[in-house]
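The structure appears right after this line, and notes come after that.
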Amino acid sequence: MKIATFNINGIKARIEALPAWLAEAAPDVVVLQEIKSVDEGFPREIFEDLGYNVETHGQKGFNGVAILSKLPLEDVTRGLPGDDTDEQARWIEATVVGKRALRICGLYLPNGNPAPGPKYDYKLAWMQRMQARARALLATEEPVVMLGDYNVIPQAEDAAKPEAWVTDALFLPETRAAFRRIMALGFTDAVRVRMPQAGVYTFWDYQAGAWERNNGIRIDHVLLSPQAADLLCDVGIDKAERGREKPSDHVPVWVELDS
DNA sequence: ATGGCTATATGTTATAGA
């Protein structure tokens, strides 16, 4: 089963590029971030016509996540537990049953800039809630895949110019420590284990010729629970998408699981 | 690069992203 994550930076803006990538890459499941749309505004028919079941968790203007799946999506839940006052649409879960039942978590972790400040406080609090949710999911001992835009540069080799990020919410020591705490629960960073070399990126800014200069960062991650890591066959980053017509600033990242 | 671009809605300007 091929499972992908793609921060599309606006469904309206990616109405041509996303179906084109789906037809070519043919993921069985894809989690989307930054759909920037309310549920009623999401063009679900386009994806249903391509053979996908569609579940969205949107909001007006920004954020918003979704899951598309060729297999039925079961037990869908929306929102990250732990704060009933949180109105930002950044988390969606569903179970997909192939050879095995997989719990899929699609996430859009807060950016957190500027740091310090209330947005950074929100990011760290969100990561703490995510850690609690991750721990609960691990306790099920079922295969769990948590994938999406983490807005975390885990290590210096995950940035072309790490020195440019030292005061940024994506790379601050406190951010990376919070990410390590989640990893330390027992997750595997699928891209890290299969593509351990430096210079593997998933995002290139629209500004300052970042793509042309390969000034990228790796912030879109696929974390696997131990039971999911045992199923890992392959990983990939569809880097060519960044060079196409009207691209997102992120590219798709995928794993192939024997599931 | 102290924000150089892109996207959306709040819409000829502001907010957010990373």
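Taking trypsin sites (Lys or Arg not before Pro) as exposed when DSSP calls them loop (any state but H, G, I, E, B) and at most 12 other Cβ atoms lie within 10 Å, what is the longest stretch of chain A free of them, the sites themselves excluded?
My reading of the result: A:100-212 is the longest stretch.
Could you give the size of the charge dipole of segment A:2-257 about its Cα centre, using +1 on the Cβ of each K and R and -1 on the Cβ of each D and E, expressed in debye and rounded to the nearest 20?
For segment A:2-257, the charge dipole is close to 460 debye.
Could you work out the equivalent-ellipsoid semi-axes for segment A:2-257, taking the square root of 5 times each eigenvalue of the Cα gyration tensor, largest first, in whole Å?
Whole-Å semi-axes of the equivalent ellipsoid: 24, 22, 19.
By the scheme Lys and Arg +1, Asp and Glu -1, what is the net charge of all other residues having a beta-carbon under 10 Å from that of A:Ser248?
+1
Which value at 222 nm does chain A reach when only helices count, each DSSP H run of 4 or more adding -39,500 (n - 2.57), with the total divided by all residues and rounded to the nearest 500 deg cm²/dmol?
-6000 deg cm²/dmol
Using a Cα-Cα cut-off of under 25 Å, which lysines could be cross-linked to A:Lys60, ignoring same-chain neighbours fewer than 8 residues away?
Partners found: A:Lys12, A:Lys36, A:Lys119, A:Lys123, A:Lys246.
Count charges around A:Ile46 for me, please; just the other residues with Cβ under 12 Å from its Cβ, Lys/Arg as +1, Asp/Glu as -1.
-1
Rounded to the nearest 0.05, what FRET efficiency do A:Gln207 and A:Ala26 have when you use their Cβ-Cβ distance and R0 = 41 Å?
Between A:Gln207 and A:Ala26 the formula returns 0.80.
I'd like the Karplus ³J(HN,Hα) series for segment A:41-52: coefficients 6.51, -1.76, 1.60, θ = phi - 60°, whole numbers in Hz, and an x wherever there's a Gly or Pro.
Going residue by residue, I get x, 7, x, 4, 4, 4, 7, 5, 5, 8, x, 9 Hz, with x marking Gly and Pro.
FYI, it's all coordinate maths here, none of it is from the lab. Small disclaimer: the values here were computed from a predicted structure and weren't measured. Here Cβ is always computed from backbone atoms with ideal geometry, including for glycine, and neighbour counts include all displayed protein chains.
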